[in-house]
Amino acid sequence: MKLTENQVHLLFKIGVWSKGIDGALEMIAGVALLFTSPGSLRNLVGWLTQGELQEDPTDFVATHLVEFFHHLSISTKHFASVYLLVYGMAKLGLVIGLLRGKLWSYPTALSVLGLFFCYQIYRLSHNHSIWLGVFSVIDLIVLVLIWRDYKYMKIIKEARPQVSPVKHDDSGVGVEL
């Protein structure tokens, strides 16, 4: 099944909007993490996992979450906060540029998101997380859609007639500059 250019552009918009929502959520999480104490985080994780751990005390996800937050240092918390804030702001800025069709935002988004994609693949090679793998595939699809839309937008912008500035002299007659 071959998709039309309009269908591909719709997929591009959906992918970019999902990145924007993700960026906004990352910023919210970064701010929340920044202003939440490690003790409060431990209490929250304990509350969220207590039912699962009562049902299955060896639950892989729950035990690892509790263990991680039990040993969470202030510096790790601050790093995670700043990481989420910076990455979220970068995503939102790029999403705004992409949705407005600004040509500069396409190569910038491809570079920034491509670097984060490479980092995800590096992390995936170390921890073999199924969810990181799924999100990496989604990110790769979004990168391909951004690339396709960039090529499409360049063709559209180049096809538009160039309007040259016109200066009006005192007689009201327009003279091309």
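Cross-link pairs exceeding 20 Å between alpha carbons, from the set Lys19/Lys157; Lys13/Lys157; Lys2/Lys157; Lys91/Lys157; Lys13/Lys102; Lys2/Lys102: Lys19/Lys157; Lys2/Lys157; Lys91/Lys157; Lys2/Lys102.
Note down the Stokes-Einstein diffusion coefficient of region 60-130 in µm²/s, whole number, using a Kirkwood radius over alpha carbon pairs, 4 °C, and 1.567 mPa s. Approximately 89 µm²/s, per Stokes-Einstein.
Computed over the chain, relative contact order equals 26 percent, with contacts defined as Cα pairs under 8 Å that lie 6+ residues apart.
Computed from Cα atoms, the angle from the helix 38-55 axis to the main principal axis of the chain rounds to 70 degrees. Applying 1/(1 + (r/R0)^6) with r as the Cβ-Cβ distance of Tyr122 and Thr76 and R0 = 22 angstrom yields a FRET efficiency of 0.75. Under Stokes-Einstein, with the Kirkwood radius over Cα pairs as Rh, the value for the chain at 10 °C and 1.306 mPa s is 80 µm²/s. In the chain, helices alone account for a calculated mean residue ellipticity at 222 nm of -27500 deg cm²/dmol, with every DSSP H run of four or more residues adding -39,500 (n - 2.57).
Read the figures in this text as sums done on the coordinates, not as results from a lab. Keep in mind the model is a prediction, meaning the values are calculated, not measured. A quick note on method: Cβ atoms are made from the backbone with ideal geometry, for glycine too, and the neighbour counts reach across all protein chains shown.
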